[in-house]
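This report refers to the structure that appears directly beneath it.
Only the coordinates and a few stated rules stand behind these numbers; no lab work does. In this text, all values refer to a predicted model and were calculated from it rather than measured experimentally. All Cβ positions, glycine included, derive from the backbone under ideal geometry; neighbour counts span all protein chains shown.
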Amino acid sequence: MKVSVIALVCNVRDYLPQCVESILTQSFQNFELLLVDDNSTDDSEQLCDQYAQTDPRERVLHLTEHRGVSVARNTGVKNARGDLISFIDSDDFVSEEYLAQMVATLTAYQADVVFTEYNELDQQAGIFYFNVVSAAKGEVYELTAQEAAAMPDERLPFRHGCYVHPWGKLAKRELYLQHPFIPDLYFEDGPNSLRIFLATHKVVGLLRDDYTYRIKCPHAITQGTKILKGNMDLLQAFRFRALDMLAAGVDPTSFRAELLHNLQTDAGKLEVANQTDCEEYRELQWLLKLMTQAQVPGQ
């Protein structure tokens, strides 16, 4: 089966070479690399074109205006030529065995989706976090759609981010065609990952750390008026997930601790920004009050 690796590109000129090089040196060779340029303004778009001219496995799609990650991912999926989709953020990178391990696991277990662990690189602090114990590396966990949708599961040695992020996964292209990312929504990854899981018959977790996630520095979404949209989108994303879980008969309490953490964190950001006299802050406080009354575990 052919894999379409989709990398979204938006002003990542300093990191793009490492990402692209890590993909082009994969031991698994039956893939294409689709670079989706979301109207970059830092010469990333020119760098994409240069790559495409030097390697026939690469193609570039330029969006004529900045549309955001959901539209960019959906555009990549629609134009992909592979049977399988793997998203890799253009400021991250992978080991040379990343695709080979993912494809072999998905094939051996006849799964629709395989997700994996990841390492973290905090370049600003000069710290690299290894998140898989060597003795357990390579272990595989088979999950039904319902089990995957009910994550996180404390019995499994995976962090919650493995289930939510679109990167660190390999899935059948038809799943993303049937369940596209929601446009114009921050935190769009949670609702999409949940729908992808619910549409499968089997999900496999592979305990490897061939993907390295680069910890991003704080940016504009945490400042000024954008924080307000971010808060409301966070709540909207949780509501999408909760409604899908209820409709599918999956107990949504599995992510209540995550919701509590996000509510407290975002309320704190608004307090620091002195933006408490607004609808967003009142909504956060109302939900925190309800969760306090319900004595949510982990509070």
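Find how much the distance from THR25 to LYS2 grows on full extension, using 0.36 nm per residue of separation minus their present alpha carbon separation; answer in nm with one decimal.
6.7 nm
For the chain, take the alpha-carbon Rg, divide it by the Kirkwood Rh, and send me Rg/Rh.
0.96
Can you tell me the 0 to 90 degree angle between the C-alpha axis of helix 189-198 and the longest principal axis of the chain, rounded to 10?
80 degrees
How compact and how long is region 220-293, expressed as Rg and Dmax of its alpha-carbon atoms in Å?
Here Rg and the maximum Cα pair distance are 12.9, 40 Å.
What length, rounded to one decimal in nm, is gained on full extension from GLU32 through to VAL133, with 0.36 nm per residue of separation minus their alpha-carbon distance?
33.2 nm
Taking the C-alpha atoms of region 1-139, how large are the radius of gyration and the largest Cα-Cα span, Dmax, in Å?
For region 1-139, the Cα radius of gyration and maximum Cα-Cα distance read 15.5, 48 Å.
Please report the spacing between the Cα centers of region 1-54 and region 65-132 in Å, no decimals.
Their Cα centres are 12 Å away from one another.
Per-residue ellipticity at 222 nm for the chain, helices alone: DSSP H runs ≥ 4 residues times -39500 (n - 2.57), over residue total, nearest 500 deg cm²/dmol?
That calculation yields -12500 deg cm²/dmol at 222 nm.
Could you list log10 I(q)/I(0) for region 48-93 at q = 0.24, 0.33 Å⁻¹, which the Debye formula gives when each Cα is one point scatterer?
Treating every Cα as an identical point scatterer, log10 I(q)/I(0) equals -1.17, -1.27.
Only counting other Cβ atoms within 10 Å, I'd like VAL103, VAL204 sorted with the fewest neighbours first.
VAL103, VAL204
Report the charge-dipole magnitude of region 107-265 in Debye, nearest 20, computed about the Cα centre from +1 at each Lys and Arg Cβ and -1 at each Asp and Glu Cβ.
Dipole about the Cα centre, nearest 20: 280 debye.
What is region 148-204 by shape, rounded, prolate or oblate, if you read a ≥ b ≥ c off the alpha carbon gyration tensor as root eigenvalues and call it rounded for a/c under 1.5, prolate for a/b larger than b/c, and oblate otherwise?
oblate
Using each residue's phi in region 18-24, evaluate 6.51 cos²θ - 1.76 cosθ + 1.60 at θ = phi - 60° and report the 3J(HN,Hα) Karplus result to the nearest Hz, with x for Gly and Pro.
Ordered by residue, 3J(HN,Hα) equals 5, 4, 4, 4, 5, 7, 5 Hz.
If we count other beta carbons within 10 Å of each Cβ, what is the order of SER27, SER44, fewest first?
Ascending Cβ contact count within 10 Å gives the list SER27, SER44.
Between 0 and 90 degrees, rounded to the nearest ten: what's the tilt of helix 256-272 against the longest Cα principal axis of the chain?
The two axes meet at around 80 degrees.
Please arrange TRP286, TRP167 by counting, for each residue, the other beta carbons lying within 10 Å of its beta carbon, fewest first.
TRP286, TRP167
Using the Cα atoms of region 98-175, I'd like the radius of gyration and the largest Cα-Cα distance, Dmax, both in angstrom.
Using the Cα atoms of region 98-175, the pair Rg, Dmax is 13.6, 41 Å.
Helix 226-248 versus the longest principal axis of the chain: what angle, 0 to 90°, nearest 10, using Cα atoms?
Tilt relative to the chain: about 90 degrees.
Of the beta bridges DSSP finds with both residues in the chain, what % are antiparallel, to the nearest 5?
Taking every DSSP beta bridge with both residues in the chain, the antiparallel ones total about 35 percent.
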